[in-house]
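What follows is calculated from the coordinates using simple rules that are stated; it is not laboratory data. Remember, it's a predicted structure, so these values are computed and weren't measured experimentally. Cβ coordinates were reconstructed from backbone atoms using ideal geometry, including for glycine residues, and neighbour counts include every protein chain displayed.
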Amino acid sequence: MGSQTIDKRESSTPEQEKQSAITASTSTTTSSSSRTATVLKCLLAGVLLSSAVVTYAESTSTQQHQDGNADDNAPRRRLSMLGDSIPSYLEGLMKDLRERKKLFDETPPEEVKYWYEYTGPLQKYFYRFSKSRGKADYFEGRDDSGVTSSRFTVPFLGSTEHAEFFGSTASFDNADEQSAHYRLLENCLAMGSPTRPDTSSGLWKEWFGGASGTTAARHLKHGADRCRILFTLNTVGAGRGTTMLWETAPPLKHAQAPQHWTSEQETAVTHIQRQLEEIDAMCATGQVAARVQVLVCEPISARWTEWMDSLLPHCGGQVSDLEKIDAQTTKVDERASPVQVVVVATANSADVCHDLKSGFMERRVQDLILAPPFLSDGKVAASDSENPAVKATHPDLISSDDHDMYVGLKWTSLVTMRAVHSFLQTSADLAAGATSPVNQDPSSKAEVNADGVSIAISNAPSSPFLIPSFVRVSYVSEENAKVAKWRMHGDFFHPAAWEICKDSFEVTWIDHTLSGPGGVHGLCYESSTKSDMEKRLKNANSIGDSVDCGQWWVYMTELQMPTSPDVYANEVTPPIVQGGSNFVWMLTERQRREVVKRMICTNKAGDDKAKLEKCPSPPQAVMPLGDLESFLINYTPNTALGKKHVKGRRPGYSREDERERERELVRERKQLKGQEDIEKALFDYTIYPAALFRKDATLKAARARDAVLTSSSRKTDKDGKPVVGPQTIKSEYYDVTITKPRPPVPGWCQAIARQGLCTLYADYFRTSNDVRCLEACGMKKNWSKIVSSD
C-alpha cells in the first residue's frame, strides 16, 4: 500500500522537475544546475516518502484504537451505545498507555520493571515551619494511591481528570456525548425526589442562571434542572488550637498579603474552607445545586456566617466586607443564602453537645436528614404519620425542602465531586440489579447462590438493602506521636485506614449491577443492550462461555471501629448503615425513604419482637471493588494514624481471641524479643494502607472464585495436603512474580481504577469493545485463566 502511494505521487514530478530546472538556471554552470536538480528531486522524494509513511501510520492508528500487541486488541464488535469509537476525553489515557509501553520496551530486560508504575508528579509535603530560617521543611514523594487528598490534590472536584470532565461547558455534538458528561445529573434525578424545582423562578435564575451574557450548556431533556444536594456539616470539635473556632476571626478571602502558613492540626478553618470551596466548584459545573447546613452547639458570630456564604458564589453566595461586619459598622444583608447555621443545642444541653463522646451532634445530623414523621410530636397529620416522603423538621430549616441527595459529614472529612459522582453511579448500579427480571425470579436464587460467592438482590423485603458507604483514611503526619514507628508502614504519601482491617470485610459478586446512561437502566438485561453485552463479555471471558454480567462488591462484615472519642459516639448514635461511617455518609432521596420506612416500622413495633422481625432489615454498607478509592475519604487533619484503639473496640474484633493467641505464640517463640515497639505496632495499632485494602479485596474475590472453579482433585497434592495458591484463575495484576515483570497494560488499568476513572468514564469502560480493563474495574467474574507452563 505504501509503495503504491509513493509511485503515484512520484508520477507527478515533471512539474517539480521544471521548477527545479528554473531554480537551477541561475547557476553559473550546467553541471551545477544538473546536480542541484538531482538533489532537489531526491530531497522531495524523501519528503513525500516520509509523508506517505506518516499518513499510513495515522490511518492505521485510527482503525486500530487499541495500542499495543495483537493479543491486547479485542475483536471488533459494534455495541449499540459506544462500540469501537474512542471519546475525546480518553486521549490522555491512550497517550499514557503508549508512554508506558515505550518505557517497558526500552528498559533493559535484566531490570525489574515495577518502578515505572509509580507515576505522577513529584509532590512536596510541608510539615514544619522554621521561624529562624523563614521557610518550611518538606518531604518529596508521589502519592500513587488514587485517593483524593486535601494535601496533594490541588484541583477541585477530586482530580485533574474529574475537573476537566465536569468543567467542560461547551456544547456537545450529540446526545450520547452529552449523556456521558451529564451522567451524574441523570443518576441523581433518577434516584432523587420526584418533585422538581421551578427553574424559571427569580431566585433559581439568580443563583444558578450563570453570568449575564453567557449561555452554559444545558441538558437536552432536563434543561436547567440540577442535582439538589444538601450538605449537613457537623462542626463539633472545630477549633484553633485549644480555642473554639467561632471565638476567633475568620481569614480574609481576598487579603493582599499571602496567607499565614498553618499546619494541618493548628486550625480547623483550613479544612472547612477547602470543603466549602469544593462545594462551590460543584455548583460551578452547572450540574449541582448545593445548600449547606452548618450545625453548631451555640450561636456564632455573623462574620463567620458571611465568611462561609462568601465562599459559595456559584451556589448563590455573595462576597461580603468581613472587616466592616467585624467592626459592626455595617449590617448583614437580609437575603436568601445557600448557607444556614443551625444551633442544635439549648443552654442546658450545650455541654453535652460539645462532648465528642456523647454522639449528640451525630444524632442531630441523622435527625435533620432523615426527619421521620414520628418525630413531629403530633404536628404531622395522622394520614401522613407513616408516609416516608413527609419530613418532620421545621419548615424554616432547609433540610425540610425537597432534595435529591443528602451528605452528612464532619468538618474533618473531605467530600468532592468524585465521591458524589461515584456514590450516585453505584447507587444506580444497585438499583439496576434490584430491578433485574432475572433477580425477581425465585427459582433462580438457588443457582445464583450455589457458588457461595455471588448473591442476588431484588425489590423483595427479604432482599439485602445495600447502600454505598465510605471509609476514612489519613496520611502519616510529622506532628503525630510515635511518627517514626508508623513510617515503617510506608511513606508520608500513602493514605491508610485505621477504622477497618483485613477481617472487617468480604467480597461478593452481584449479578446485573451495571447501570447505563440516562438514569437507572440495566445494561445486562435491557433489550437494547443485552445481546451486545453478552458478545462483549463472552469475548473477554477466560473460562468457558459464561457471560456473567455484574460487579464485584466489598461488603462490611464488621462495624467500623474508630479510636476514642469517635468510637464512643458511635455506640451512642450508631451509623444508619451497618458497617458505614458516622462521619461521612450519603443518601439519595429514594434511599432516605427506604431507611425511614424501616424506622417507622420499628417505632410502631416498639418492644414487640414478633412485629420487629417483620420489619425490613437494616441497610448494609458496600463499596464497588472497581472504584474502591473513590469511597476512601481523606481525614484532613491527618492525625488519626498512630493512635491506640480502645481494648475490645478495634478493627478485627470478630477475631480478637485468635489474634491474642497469635500474639502469645510470638512471645513464646521470642520472635520479637527486645522489639516491643514492633510488637505493639503489629498488635495494638491499626494502619491499613489503601493499596493493601484493594489488594486484599481483589485476592479474596479471586481466591473465592478459584475455589469454585477448581475441581476437588486439584485442591490437594499427592500426599493429600491442601495446595497453596490459585489453581484455575488468578488476578492479572497481583498474582505475579519478581522474575516475570508485569506488562504495561495491567499497570495502566490499575492506575485507571485507582483514580476512579472506571466510573468517571463509565460509558467507555462498560459499553465499548475495549475489554482490557474489565478486571481492574471489577467487572470480570472469572478473572484471568492460569496458563500451564508445560
**Cα-derived Rg over Rh, computed across the range 749-790 with Rh taken as Kirkwood radius** = 1.08
**Request:** Please give the per residue volume of the convex hull enclosing the alpha carbon atoms of the range 538-690, rounded to a whole number of Å³.
**Result:** 225 Å³
**Message:** On a 18 Å Cα-Cα criterion, which of the cross-link pairs Lys102/Lys124; Lys700/Lys780; Lys357/Lys680; Lys530/Lys730; Lys643/Lys680 come out too long?
**Reply:** Lys102/Lys124; Lys357/Lys680; Lys530/Lys730
**Item:** Dipole magnitude (debye, nearest 20) for the range 527-584, charges at Cβ of Lys, Arg, Asp, Glu
**Value:** 340 debye
**Rh by Kirkwood over Cα pairs, then Stokes-Einstein D for the range 646-772 at 1.306 mPa s and 10 °C, µm²/s** = 85 µm²/s
